[in-house]
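K.L.:
Dropping the structure in here first, questions after.
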Amino acid sequence: MTACIVGWAHTPFGKQDAETVESLIVKVATQALEHAGLEAAQVDEIVLGHFNAGFSAQDFTASLVLQADPGLRFKPATRVENACATGSAAVHQSLKTIAAKQAKVVLVVGVEQMTRTPGPEIGRNLLKASYLPEDGDTPAGFAGVFGKIAAAYFQRHGDQSDALARIAAKNHRNGVANPYAQMRKDLGFAFCREESDKNPFVAGPLKRTDCSLVSDGAAAVVLADLESAVGMPRAVAFRAAQHVQDFLPMSRRDILTFEGCSEAWRRALMQAGVTLEHLSFVETHDCFTIAELIEYEAMGLVPAGQGARAIAEGWTEKDGRLPVNPSGGLKSKGHPIGATGVSMHALTAMQLCGEAGDMQIPAATLGGIFNMGGAAVANYVSILERVR
């Protein structure tokens, strides 16, 4: 327990035509420092999570954070990237800097602006997070990759269309309460389950309601070492932070078991000295509903092949034994790639500080986060606990 989240900020996710990558960065950087009660001069280091891969013409973005305040000038600033786990990569990089005693306060920003990019180009950009020699010609881009995963899962474990629709319906229902969510509409199980003009098949057995949204948005967190954090208005400590990287080619692993996710959870729970049963809720990476289903198994909530049981029996509902994605997840909230992992940490800190509004899980004490890049290639787990 070397560092704490002491402040945060979050823009709404969605189509933000009036914003730019720069304006989104400036907005959350300014608001996060204000929320933490800190001046820019007190920041020792800046880490920016920005995937880009062609979404933004401006590809050298770390110093854009300095635009938020002249007091940030001459601070070390670095951009990090690890596909869809870019935001968590930025958070975990900051934890290492604090643990090495190279900084007491680090400002972490995650950002992406995706909606200005034409549809086919979005697909090509996202596909860069897969292994191109094997997956580069996949129809429907990254959705096609997960469509193949879903089809293979169905072949091994039977048709899971009901389970996927229940996950989509749960996350859309939860998203209604999230003021930052891109889609705040309770679509219901029947709409998510049935193919229709408004919910067509996208790739394999995945329909539109099974796929996360193309989004613009930003989030920021301020991290401080434990000694500094205890004197601040709020402090949410990292009981665990683990990063596991797996092979990029899916052909080198059993893609239906998300082994990297499993290993990251195993290490994090061991580091935190807790079991899954101790967690009040989890924010997990539901880029596609099949991902959340497999993650139930990978985190150890149910045995392999039994993910459907967790959603069918209500375990992962907001009032269940382990609420999963009380924010609505990527499915409802949106998925601006570089911002997602930072958003997960901000939303978890909100829950633990009792500041999550209508999203609030009563008496939340421990929050788990799983953010992944690619198809379970970059796997980050954080376990957070409020200490002040």
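The values are calculated or read from the model by the stated rules, or taken from the named source; none is laboratory data. Just so we're clear, the structure is a prediction, and the values are computed from it rather than from any experiment. Cβ sites come from the backbone with ideal geometry, for glycine too, and all protein chains shown count toward neighbours. Note: areas computed on protein heavy atoms with side chains; ligands, DNA, RNA excluded. Shrake-Rupley method; radii C 1.70, N 1.55, O 1.52, S 1.80 Å.
K.L.:
Between Ser251 and Thr2, what is the FRET efficiency for a Förster distance of 30 Å, r being their Cβ-Cβ separation, to the nearest 0.05? Walk me through the numbers on the way to the answer.
P.N.:
On the way: r = 38 Å, r/R0 = 1.27.
The formula returns an efficiency of 0.20 here.
K.L.:
Right, here's the next one. Taking R0 as 22 Å, what FRET efficiency do you get between Ala99 and Thr365 from their Cβ-Cβ distance, rounded to the nearest 0.05? Spell out each step's value before the answer.
P.N.:
Numbers: r = 24 Å, r/R0 = 1.08.
In this case the efficiency is close to 0.40.
K.L.:
Among 40-50, 14-24, how do they line up by average Cβ neighbours within 10 Å per residue, starting with the highest? It would help to have the intermediate numbers written out before the result.
P.N.:
Numbers: 40-50: 22.8, 14-24: 17.4.
Result, highest mean Cβ count within 10 Å first: 40-50, 14-24.
K.L.:
Right, here's the next one. Can you classify the stretch 322-388 as rounded, prolate or oblate using the Cα gyration tensor, where a ≥ b ≥ c are the square roots of its eigenvalues, rounded means a/c under 1.5, and otherwise it's prolate if a/b beats b/c and oblate if not?
P.N.:
Verdict is prolate for the stretch 322-388.
K.L.:
Could I ask something else about it? For a test of the definition: using alpha carbon positions, the gyration tensor, and the 1.5 limit on a/c, classify the stretch 112-190 as rounded, prolate or oblate. Kindly include the intermediate steps, with their values, before the conclusion.
P.N.:
Numbers: a/c = 3.10, a/b = 1.17, b/c = 2.64.
Cα axes put the stretch 112-190 in the oblate bin.
K.L.:
With axes computed from alpha carbons, what is the tilt in degrees of helix 161-175 against the longest principal axis of the chain, rounded to the nearest 10 within 0 to 90?
P.N.:
Approximately 30 degrees, to the nearest 10.
K.L.:
Within 10 Å, count the other beta carbons around each residue, average over each peptide in 144-156, 128-140, 278-290, and list them highest first. Don't jump to the answer; show the numbers that get you there.
P.N.:
Working: 144-156: 19.8, 128-140: 15.9, 278-290: 25.7.
Per-residue mean Cβ counts within 10 Å order the peptides as 278-290, 144-156, 128-140.
K.L.:
Of the peptides 256-264, 189-197, 343-351, 364-372, how do they stack up when ordered by the mean number of other Cβ atoms within 10 Å, highest first?
P.N.:
Working: 256-264: 21.8, 189-197: 13.9, 343-351: 27.7, 364-372: 24.8.
Peptide ranking by packing, descending: 343-351, 364-372, 256-264, 189-197.
K.L.:
Could you tell me the convex hull volume per residue, in Å³, taken over the Cα atoms of the stretch 101-248?
P.N.:
On the way: hull volume 27.5 nm³, N = 148.
Hull volume normalised by residue count: 186 Å³.
K.L.:
So if I restrict to the alpha-carbon atoms in the stretch 1-106, what is the Rg, and what is Dmax, the biggest pairwise distance, in Å?
P.N.:
13.6, 40
K.L.:
So, one more: With a 1.4 Å probe and all protein chains left in place, how much of the accessible area of the stretch 1-102 comes from carbon and sulfur atoms, in whole percent?
P.N.:
On the way: 2180 of 4350 Å².
The C+S portion of the solvent-accessible surface of the stretch 1-102 is 50 percent.
K.L.:
Now for a separate question. How big is Rg to Rh over the stretch 216-290, alpha-carbon atoms, Rh as the Kirkwood inverse-mean-distance radius? Provide the component values of the computation, followed by the final result.
P.N.:
Details: Rg = 16.2 Å, Rh = 15.6 Å.
Across the stretch 216-290, the Cα-based Rg/Rh ratio is 1.04.
K.L.:
Can I get the semi-axes of the stretch 53-114's equivalent ellipsoid? Compute them from the C-alpha gyration tensor as square roots of 5 times the eigenvalues, in angstrom, largest first. Display every interim value, and only then the final one.
P.N.:
Numbers: eigenvalues 87, 55, 13 Å².
Over the Cα atoms of the stretch 53-114, the semi-axes work out to 21, 17, 8 Å.
K.L.:
Continuing with the same structure: Taking square-rooted eigenvalues a ≥ b ≥ c of the alpha carbon gyration tensor, is the stretch 178-263 rounded, prolate or oblate, where a/c under 1.5 means rounded and, failing that, a/b exceeding b/c means prolate?
P.N.:
Values: a/c = 3.19, a/b = 1.45, b/c = 2.20.
Since a/c reaches 1.5 but b/c is at least a/b, the shape of the stretch 178-263 is classed as oblate.
K.L.:
Here's another thing I want to ask about it. To two decimal places, what compactness ratio does the stretch 242-369 give when its Cα radius of gyration is scaled by 2.2 N^0.38 Å?
P.N.:
On the way: Rg = 14.3 Å, N = 128, 2.2 N^0.38 = 13.9 Å.
Its radius of gyration relative to the 2.2 N^0.38 Å reference: 1.03.
K.L.:
Rolling a 1.4 angstrom probe over the protein heavy atoms, how many square angstrom per residue are accessible across the stretch 233-290?
P.N.:
Working: 2240 Å² over 58 residues.
So the stretch 233-290 comes to 39 Å² accessible per residue, rounded to a whole number.
K.L.:
In whole Å, what are the Cα extents of the stretch 62-160 along the three principal axes, biggest one first?
P.N.:
55, 33, 26
K.L.:
Against the empirical 2.2 N^0.38 Å scaling, what ratio does the C-alpha Rg of the chain come to?
P.N.:
Numbers: Rg = 19.2 Å, N = 388, 2.2 N^0.38 = 21.2 Å.
Expressed relative to 2.2 N^0.38 Å, the Cα Rg reads 0.91.
K.L.:
Let me ask something else. Between the helical axis of 259-272 and the dominant principal axis of the chain, each derived from Cα atoms, what acute angle in degrees is found, rounded to the nearest 10?
P.N.:
Roughly 40 degrees, rounded to the nearest 10.
K.L.:
Of all DSSP beta bridges located in the chain, what percent are antiparallel, nearest 5?
P.N.:
On the way: 39 of 53 bridges.
About 75 percent, rounded to the nearest 5.
K.L.:
Quick one: angle between helix 337-352 and the longest Cα principal axis of the chain, in degrees between 0 and 90, rounded to 10, please.
P.N.:
Tilt of helix 337-352: around 80 degrees.
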